[in-house]
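J.: What follows is a structure written as structure tokens; I'll ask about it next.
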Amino acid sequence: MSDVFRALADESRRSLLDALFARNGQSLSEMAENMPMSRQAVAKHLAILESANLVSTAWRGREKLHYLNPVPIGEIVRRWVGKFEDARVDALTDFKEQMETSKEKRRA
Amino acid sequence: MPERAPDFVYTVFIAADQETVWNGLLDRELTKAYWGHYNESDWKQGSRWEHVRSDGSDTVDITGKVIEMDPPNRMVFSWTSPKNAHDPDQESRVTIELIALGPDTRLTVTHSDLIAGSDMEKGVTQGWPAVISNLKTLLETGKTLREDDWPKA
């Protein structure tokens with residue numbers, strides 16, 4: 001579990017996971033195109049995410065595609081979120097999102 | 001080489017040998033414990049398989065055909081809701097692969113040909129991570145997670 005936290009500690013790696021959450025199954029080239037990082041940096045970060053099992057891969061021909069693997073994150077949530085807390089946590093997260101979206105709208 | 005890229009690829013590392021994990025996917029009592037369902041089939045290529053609730057109702061939630069069976073390495077089957085079984089467009093495809101890593105096993109579940117935004121896609125993306133994580137817990141500790149922790153198929 002410690003390599004999961006280590007992998008998640010980096011902002012660039014979190015953005016790579018965000019990118020896969022938005023669109024799953026991207027190649028290295030696709031990911032590098034949309035990131036303010038060199039292709040080498042993206043490759044290095046993806047390797048760290050893969051070894052922490054936060055990214056799984058599949059080959060399509062010679063192309064390696066990257067997928068967000070939420071299983072280790074689910075295990076972290078299960079470890080610390082109790083049986084009846086789920087709904088309350090969800091409600092709080094929804095509330096936070098709503099408040100923050102309406103704040104952005106007011107600013108706009 | 002698959003015609004289309006998979007929609008989702010889920011991976012879990014399980015501290016159990018490959019035969020144990022393979023058996024864990026097929027054994028009726030084990031799947032009941034971590035999946036709430038059992039999988040009914042003779043597992044021959046071309047045969048039907050059914051994903052049946054273990055709550056005694058024998059409700060079939062998912063059905064499909066066995067496309068490939070290579071124990072204890074790989075199984076491929078089609079996946080569809082019984083109400084859409086007549087419609088090939090609604091059919092998606094599941095590939096389960098096991099790779100031995102010393103005493104441990106890497107389990108990969110790949111789901112392809114899902115219809116984006118469909119209820120099936122939603123169910124599958126919530127379901128698989130919980131199911132394989134629950135299988136891991138069961139095989140490693142003999143315990144399963146709270147049943148209400150993960151969505152029903």
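J.: Counting only heavy atoms of protein chains, what accessible area per residue, in Å², does the protein assembly as shown have with a probe of 1.4 Å?
T.: With all protein chains present, the protein assembly as shown gives 56 Å² per residue.
J.: Follow-up. What order, most packed first, do the peptides A:19-29, B:129-139 have when packing is the mean number of other Cβ atoms within 10 Å of each residue?
T.: Final packing ranking: B:129-139, A:19-29.
J.: Hey, another quick one. For the cross-link pairs B:Lys44/B:Lys122; A:Lys44/B:Lys44; B:Lys122/B:Lys143; A:Lys64/B:Lys143; B:Lys32/B:Lys65; B:Lys44/B:Lys136, which exceed 32 Å when the distance is taken from alpha carbon to alpha carbon?
T.: A:Lys44/B:Lys44; A:Lys64/B:Lys143
J.: Report the Stokes-Einstein translational diffusion coefficient (µm² s⁻¹, integer) for chain B, Rh taken as the Kirkwood radius over Cα pairs, at 37 °C with viscosity 0.692 mPa s.
T.: Reported coefficient: 209 µm²/s.
J.: While we're looking at this one, here's another question. Take peptide A:52-65, look around each residue's Cβ out to 10 angstrom, count Cβ atoms belonging to other protein chains, and average those counts.
T.: Shielding by partners across A:52-65 averages 3.
J.: Which order do you get for B:Leu30, A:Leu54 if you rank them by accessible area with a 1.4 Å probe, largest at the top?
T.: B:Leu30, A:Leu54
J.: Would you mind giving the total buried accessible surface between chains B and A, with a 1.4 Å probe and ligands, DNA and RNA left out, rounded to the nearest 100 Å²?
T.: 1600 Å²
J.: Roughly how many Å is it from the Cα centre of the stretch B:40-100 to that of the stretch B:1-31, as a whole number?
T.: Centre-to-centre (Cα) distance: 13 Å.
J.: Using square roots of five times the C-alpha gyration tensor eigenvalues, list the equivalent-ellipsoid semi-axes of the stretch B:67-133 in whole Å, biggest first.
T.: Equivalent ellipsoid of the stretch B:67-133: 25, 15, 8 Å, largest first.
J.: In Å and whole numbers, how far do the C-alpha atoms of the stretch A:2-69 stretch along each principal axis, longest first?
T.: 33, 23, 21
J.: Note down the Stokes-Einstein diffusion coefficient of the protein assembly as shown in µm²/s, whole number, using a Kirkwood radius over alpha carbon pairs, 4 °C, and 1.567 mPa s.
T.: In µm²/s, the coefficient is 65.
J.: Peptide B:11-21: average number of partner chain Cβ atoms within 10 Å per residue?
T.: Mean inter-chain Cβ contacts per residue within 10 Å come to 2.
J.: Same structure again: Count the net charge of all other residues whose Cβ sits under 15 Å from the Cβ of B:Leu139, scoring Lys and Arg as +1 and Asp and Glu as -1.
T.: Cβ neighbours under 15 Å give a net charge of -3.
The values are calculated or read from the model by the stated rules, or taken from the named source; none is laboratory data. Bear in mind the structure is a predicted one, so any value in this text is a computation, not a measurement. As a convention, Cβ positions derive from the backbone with ideal geometry for all residues, glycine included, and neighbour counts pool all protein chains shown. Surface areas here come from the heavy atoms of the whole protein model, side chains and all, with no ligands, DNA or RNA. Shrake-Rupley method; radii C 1.70, N 1.55, O 1.52, S 1.80 Å.
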